[in-house]
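Notes follow once the structure below has been shown.
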Amino acid sequence: MPLIVMCGYPCSGKTRRANELKAHFEEKTGREVHIVGDAALDVDRNNVYADSQKEKNVRASLKAEVERKVSKDNIVILDSLNYIKGYRYELFCLIKHAQTPHCLVYTLTSDEESSLWNKNRDAAEQYSRDTFDALVRRFEAPDSRNRWDSPLFTVLQDDMLPLEAISDALFRRKAPPPNQSTQSQPLSSANFLYELDKITQDVLMAIFNAQKTSVPGDLVSVPGATEKISFILKLSRSINMAELRKLRRQFISYTKMHPTEKTGQIANMFVQYLNKSLH
């Protein structure tokens with residue numbers, strides 16, 4: 001069943017709209033509707049969103065919960081900021097793998113309106129001024145020209161939800177077809193695990209050695225990866241081998257479940273994974 005991704009500034013009405021959608025679809029379809037969001041995880045917003053690693057962990061937990069809930073019988077609504085374009089793309093890949101439709105509901109407000117609503121909340125539920133301002137600055141607005149942001153429904157404060165249009169997008173539209181990167185396949189090559197281990201180890205050593213002479217912003221070429229997606233050394237700190245090995249183990253675990261028949265793609269896949277994982 002479909003996934004509805006909420007998106008908007010802090011205190012822009014996402015939860016209110018999510019509850020409206022839940023009530024509508026439960027009444028109209030008789031199906032169970034699950035709302036997955038920050039509230040369900042009982043997170044301290046100011047604590048989490050002021051720390052990039054904690055925020056990253058929360059996003060991963062939300063994505064994992066969505067993946068568990070999505071099924072042929074349920075409707076899932078992800079009620080969170082979802083303000084990062086790359087994260088919305090990850091959700092798009094998830095629904096492609098699950099072969100289910102999705103849509104994005106964007107609660108559009110000005111930062112002044114959202115700030116006022118934030119101030120009118122109970123003190124325990126408010127974002128601090130610094131946290132609120134930082135989230136607004138980092139917000140990456142959805143764009144319907146992007147596959148992962150489409151179909152896009154933009155809703156203003158006083159608008160009625162376009163329930164029929166959302167329903168058509170979710171139930172009368174075919175799911176995006178799975179592709180090589182999202183469809184699970186059985187391991188087809190006896191040599192695959194050997195190549196996976198060797199290539200990822202070579203990439204690690206190239207990155208580790210390059211740090212001795214590189215400065216932040218340098219493009220570091222790694223064995224087997226094209227220059228276009230070479231690892232970008234963005235950090236002002238060195239990446240220790242323990243951190244690299246941890247990411248390598250995570251990548252290997254994922255790739256075993258989603259192997260590619262073209263081992264020549266492994267280096268590029270690993271580089272892309274590192275670029276997303278290291279901040």
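A few points about this structure:
- Subset of the stretch 5-38 [at pLDDT below 95 and closer than 18 Å to S128 by Cβ]: D38
- One residue stands out in the stretch 1-44 among those that are surrounded by fewer than 22 Cβ atoms within 10 Å (Cβ to Cβ) and polar (S, T, N, Q): the one that is nearest to A175 (Cα to Cα), namely T29.
- The numbered conditions (1) over 22 Å from S114 (Cβ atoms); (2) modelled with pLDDT of 95 or more; (3) aromatic (F, W, Y) are all true for Y89 except (2).
- Considering T15, T29, the condition of being assigned by TED's automatic domain parsing to the domain that holds A141 and either touching a Phe, Trp or Tyr at 6+ places or on another chain (Cβ under 7 Å) or farther than 24 Å from D143 by Cβ (or both) is satisfied by T29 alone.
- Looking only at the stretch 45-59, and only at residues there that are touching a residue at least 60 places away in the same chain (Cβ under 8 Å) and polar (S, T, N, Q), the one that is surrounded by the most Cβ atoms within 10 Å (Cβ to Cβ): N46
- Inside the stretch 253-275, residues that are in contact with a Leu (Cβ under 9 Å, 6 or more places away or on another chain) and surrounded by fewer than 17 Cβ atoms within 10 Å (Cβ to Cβ) make up a count of 1.
- Applying the criterion of being at pLDDT 75 or above and within 23 Å of Q272 (Cα to Cα) to the residues of the stretch 146-192, the residue that is surrounded by the fewest Cβ atoms within 10 Å (Cβ to Cβ) is R147.
- The C-beta contact set for the stretch 196-210 (first residue in the same structural domain as P223 (by TED's automatic domain parsing) and farther than 16 Å from G264 by Cβ, second residue surrounded by fewer than 15 Cβ atoms within 10 Å (Cβ to Cβ) and aliphatic (A, V, I, L, M), distance under 8 angstrom, 6+ apart or interchain) comprises L204/M241; F208/M241.
- Here R245 passes the criteria (1) at pLDDT 80 or above; (2) in a loop (DSSP other than H, G, I, E, B) except the one numbered (2).
The values are calculated or read from the model by the stated rules, or taken from the named source; none is laboratory data. In this text, all values refer to a predicted model and were calculated from it rather than measured experimentally. In this analysis, Cβ positions are derived from the backbone assuming ideal geometry, glycine residues included, and neighbour counts consider all displayed protein chains.
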